[in-house]
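The values are calculated or read from the model by the stated rules, or taken from the named source; none is laboratory data. These numbers come from a predicted model, not from an experiment. Glycine also receives a Cβ, built like all others from the backbone with ideal geometry; neighbour counts cover every protein chain displayed.
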Amino acid sequence: MVKNKKIQVLVIDDAMVSREIIARGIVTDPFIEVVETASDVFEAREKIIAHLPDVLTLDIHMPKMDGISFLKKLMPQYPLPVVVISGSEKSVFEALEAGAVDFVVKPQIKNKKELEQFLNEVIRKIKIASVAKVQNTKNVQSDKQNNHIKRLDTNTKMIAIGASTGGTDAILKVVKNLPENVPGIVVVQHMPAVFTHMYAKRLNAICNITVKEAQDGDRIESGVVLIAPGEYHMKVYKDKSSYFVKCFRGEKVNGHAPSVDVLFDSVAEAAKHQAVGVILTGMGSDGAKGLMKMRKAGAYTIGQDKNSSVVYGMPMVAYNIGAVQKQVGIDDIAKEVVKYISSH
């Protein structure tokens with residue numbers, strides 16, 4: 001986004017009331033301009049060509065062609081940042097896989113406060129999308145070279161991963177390429193409640209290792225990924241037998257619950273030099289200070305590089321403060337994790 005230039009947005013929604021609410025609501029922000037609205041994807045296509053907007057907001061369920069089919073056709077020709085606005089939970093991940101940068105849940109708005117919260121979230125996601133790098137959509141392939149960790153004492157070690165915008169795909173690329181005997185993994189992905197459970201189920205269906213939404217008291221075990229539940233912080237603790245997690249409600253940290261910093265701080269305390277910390281794509285600085293604590297405690301720390309990040313925010317801040325020991329592209333992070341654990 002050019003400095004002092006307004007973000008030009010095209011609002012796509014088949015419901016006239018929704019179009020008007022979104023269009024009128026987001027222009028209350030001085031940095032956003034709605035260049036046009038469209039009631040279906042065919043109208044949208046013409047207006048994209050005419051106006052070349054910076055960001056699209058896109059409803060999923062529309063007549064003539066649904067939003068996901070539109071995304072699949074749009075991205076190869078006009079790779080624009082898209083924020084999906086949908087009341088359908090199941091469609092959100094399909095939209096992200098088709099190339100959308102982020103999503104906002106379309107709520108059943110009951111009062112003015114809920115409307116303001118919804119519009120503020122749309123505005124926030126539009127601003128993030130305006131600086132996002134639109135990635136080429138392609139199936140994630142496993143790297144068969146990463147199919148085993150040489151050392152088998154993996155229960156004494158653990159891996160912590162934090163991500164935000166663009167993280168659903170980035171986490172998949174890392175976890176998909178990790179072997180079955182990998183140490184236990186804990187993950188914070190900024191995501192609302194309900195969606196973390198659905199995301200964990202999707203990863204579990206794709207990956208060789210087990211992926212589940214964390215529950216309070218879950219043990220961190222080799223070959224298992226625990227994803228922090230939406231709206232809950234997650235901390236790691238250690239007792240005489242192994243590591244385990246506590247999930248709890250609390251005030252947002254860095255604007256988020258779950259927060260990457262909360263997780264990383266606890267890993268630094270519980271696992272010290274036995275941990276590997278990975279910070280991935282996302283806006284803001286959540287996780288940077290926690291990763292620094294991990295590094296100071298003796299953990300090995302990895303950051304996603306700029307070229308492969310959808311939003312080079314969280315990994316950039318972590319790198320700039322010296323929290324990242326090695327910065328690599330997303331396709332090489334699993335390999336780096338395996339290499340380190342196999343040699344330590």
- Item | Counted residues, region 172-201 - those being in a helix (DSSP H, G or I) and either closer than 14 Å to K212 by Cβ or assigned by TED's automatic domain parsing to the domain that holds A98 (or both) | 7
- Query: Which of (1) buried (at least 24 other Cβ atoms within 10 Å of the Cβ); (2) in contact with a helix residue (DSSP H, G or I) (Cβ under 7 Å, 6 or more places away or on another chain); (3) β-branched (V, I, T) does V328 not meet, given it meets every other one?
  - Reply: (1)
- Message: Taking the conditions exactly as written (assigned by TED's automatic domain parsing to the domain that holds K326, farther than 19 Å from I128 by Cα and touching a Phe, Trp or Tyr at 6+ places or on another chain (Cβ under 8 Å)), does R295 satisfy them or not?
- Response: no
- Of A214, A205, A193, which residue is among the hydrophobic types (A, V, I, L, M, F, W, C), more than 20 Å from V310 (Cβ to Cβ) and either within 13 Å of the chain's Cα centre (by Cα) or at pLDDT 95 or above (or both)? A214
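Taking the condition of being hydroxyl-bearing (S, T, Y) and either touching a Leu at 6+ places or on another chain (Cβ under 8 Å) or in a helix (DSSP H, G or I) (or both), how many residues in region 239-274 meet it?
Going residue by residue through region 239-274, those that are hydroxyl-bearing (S, T, Y) are 241-243, 259, 266.
With either touching a Leu at 6+ places or on another chain (Cβ under 8 Å) or in a helix (DSSP H, G or I) (or both) added as a condition, the list becomes 266.
Number satisfying all stated conditions: 1.
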- Tell me, please, whether a residue that is among the aromatic types (F, W, Y) and under 22 Å from A38 (Cα atoms) can be found in region 88-101. no
- Out of all the residues in region 320-341, which are closer than 7 Å to I302 by Cβ and in a strand (DSSP E or B)? K326, V328
- Message: Test of understanding: among V211, V225, V236, which residue is part of a strand (DSSP E or B), hydrophobic (A, V, I, L, M, F, W, C) and farther than 13 Å from Q189 by Cβ?
- Response: V236
- Restricting attention to region 1-42, which residues are touching a residue at least 24 places away in the same chain (Cβ under 8 Å) and acidic (D, E)? D13, D14, D29, E33, E36, D40
- So K106 fits all but one of (1) closer than 20 Å to V9 by Cβ; (2) outside the structural domain of R219 (by TED's automatic domain parsing); (3) modelled with pLDDT of 85 or more; what number is the exception? (3)
